Amino acid sequence: MNISFTPLGPEDSDGIVAFLLGNKFPFHVRRDWTQTELRALVDGGRYWNSESQGFWIMGNGDCLGMVVLEDLEDDTPMFDLRLAEAYRGARIGYADTEGTVHQGLQ
């Protein structure tokens, strides 16, 4: 599968909210949001600012998930990987992690 990354921006707000509300993330610190909480977070620029940049993870025309590069102004940036439930267990996270590192270094 060919995996690509598309930067998130304000035009993606509705899609981000729908994605995060439509999937469960049991292994993340923040697992559940209300639509109101998410809307405030997304509209506040959480996924596109000087400290973080989010990307849609695309594969063969499908949205597989999203990844957010965080703490970009720190010496030790982190990332938050969230795959859609339908694509978990298919080793996409491995390929995505490699691509995320490459994307972040560009």
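The values are calculated or read from the model by the stated rules, or taken from the named source; none is laboratory data. Worth saying up front: this structure is predicted, and the values here are computed from it rather than measured. Backbone-built Cβ (ideal geometry, glycine too); neighbour counts: all protein chains shown. Protein only, heavy atoms only, side chains kept; ligands, DNA and RNA dropped before computing areas. Shrake-Rupley method; radii C 1.70, N 1.55, O 1.52, S 1.80 Å.
Ranking request for peptides 61-72, 43-54: highest mean number of other beta-carbon atoms within 10 Å first, then the rest in descending order.
Numbers: 61-72: 17.4, 43-54: 15.4.
By packing density, highest mean first, the sequence is 61-72, 43-54.
Given a 1.4 angstrom probe, I'd like the percentage of the accessible area of the chain that is carbon and sulfur, rounded to a whole number. It would help to have the intermediate numbers written out before the result.
On the way: 3400 of 6430 Å².
It is 53 percent, rounded to a whole number.
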Item to check | Calculated percent of Cα pairs over 23 Å apart (choose from (1) 46; (2) 23; (3) 15), label | outcome: (2)
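Only helical DSSP H runs with n ≥ 4 go in: add -39500 (n - 2.57) per run for the chain, normalise by residue count and round the 222 nm mean residue ellipticity to 500 deg cm²/dmol. Show your work: numbers first, answer last.
Working: 3 runs with 33 residues, N = 106.
Rounded to the nearest 500, the figure is -9500 deg cm²/dmol.
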Checklist outcome for this item: Ranking GLN53, MET66, LEU83 by how far each Cα lies towards the positive end of the charge dipole of the chain (+1 on Lys and Arg Cβ, -1 on Asp and Glu Cβ), the top one is LEU83
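With Cβ to Cβ distances under 13 Å as the rule, what net charge do the other residues near ASP14 carry (K, R +1; D, E -1)?
On the way: positive: ARG39; negative: GLU11, ASP12, ASP43.
My count for the surroundings of ASP14 gives -2.
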Item to check | In nm, spacing of pseudo-spin labels at ASN23 and ALA86 (7 Å Cα→C-beta vector) | outcome: 1.1
Checklist outcome for this item: Computed over the chain, protein heavy atoms only, probe 1.4 angstrom, the accessible area per residue in square angstrom equals 61
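Please get the size of the charge dipole for the chain, origin at its Cα centre, with Cβ charges of +1 on Lys and Arg and -1 on Asp and Glu, quoted in debye to the nearest 20. Spell out each step's value before the answer.
Values: 8 positive and 17 negative charges, 101 e Å.
With Lys and Arg at +1 and Asp and Glu at -1, about 480 debye.
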Checklist entry - Gaussian network model of the chain, Cα springs within a sub-10 Å range: biggest mean-square fluctuation belongs to which of ARG30, ARG39, ARG82? => result ARG30
